[in-house]
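Comments concern the structure below.
Derivation of every value follows stated rules applied to the coordinates shown; laboratory data play no part. If you're wondering where the values come from, they're calculated on a predicted model, not measured in any experiment. Quick reminder, even Gly has a Cβ in these numbers, built from the backbone with ideal geometry, and neighbours come from all protein chains shown.
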């Protein structure tokens, strides 16, 4: 039962501080105003406060202080990197800084976390055996010094940066993101309970997972349609923490990939679609899966519930699957979601062509 206390604390704290944060956010003028913020994916009609990353972070931080070994090198690095992400995100919420600068900061905070000892030392081969990633060392020259970096570190950095960006794309409708993050974190937390909490990494993964879930659901009270506050880019602080808890034990990575399967496939499809069309992958558009669903008549609430339902079902199933089973499940998710995205693109393109005739 004690493992669920971080969830309860984070939920209550976030639910309490969000209305308080709203007062200061409004005074600072941190709004997403569709008349000023010229973003092609905007679907709201009136100014909505941004900066939801602040109460999300506070809820997780309070739970972390109460239940984590705060002198741990990994814990200190995690919250420092998360705080840096939050600050950069709030600045972006206010001034809309360059996406390339934001991406560079993503890499920096990922390096901070990995430098503290977070990595992916191995992955379970679904066909049998273990693949030890930390056995592969890559030498490179840094300012005249020969440095060795393991393949484990490289994969961890890529994973953290990817999750931060992929989840940032998955907040297109009210309530979509906190539901996905909350369900994903809760599933990872349940899986963490299979490992002894006497081990530091397991303790951090368990506490942070439930804290992230609690904070996300607490924030959802104010973000579900019609939203009183948006997560904003500051919520990348939470995505960073979710990415890290999913790799503190290699056994959780496959589960994380599955439970975040829908936004992940949509993210991969988005990157390739933009590159193949000769555009930057950072160039915004209105062709994510949630936009496509809105285009065929789904309401914002329906889109959010669709994402939650799929994440919950796949997450629950993943807890019961072997490594090979997770591989087949992942292939199924990729085929079904990817096929649905392609189909919706064709349907909407056909409908637009008919309108133009």
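Structure notes:
- Build a GNM of the chain with springs between Cα atoms under 10 Å apart, and of 35, 26, 326 the one that fluctuates most is 35.
- Gain upon complete extension [residue 194, residue 154; 0.36 nm per residue less C-alpha separation]: 11.7 nm
- Label sites at residue 316 and residue 12, each approximated as a point 7 angstrom past Cα along Cα to Cβ, lie 2.8 nm apart.
- Overall, the anisotropy analysis places the range 2-356 in the rounded class: the square-rooted eigenvalues a ≥ b ≥ c of its C-alpha gyration tensor yield a/c less than 1.5.
- Neighbour-count ranking [beta-carbon atoms within 10 angstrom, fewest first] of 239, 100, 132: 100, 132, 239
- Residues 164, 177, ranked from the fewest to the most other C-beta atoms within 10 Å, line up as 164, 177.
- Listed residues 22, 293, 66, most fluctuating in the chain (Gaussian network, C-alpha, under 10 Å): 66
- Note on the chain: GNM, Cα springs under 10 Å; of 131, 258, 167, the largest mean-square fluctuation is that of 131.
- Calculated FRET efficiency, residue 299 to residue 101, Cβ-Cβ distance, R0 = 41 Å: about 0.70 to the nearest 0.05.
- Sorting 245, 88 by the number of Cβ atoms found within 10 Å of their own Cβ, with the fewest placed first, yields 88, 245.
- The simple spin-label model puts a point 7 Å past each Cα toward its Cβ; for residue 28 and residue 328 those points are separated by 5.0 nm.
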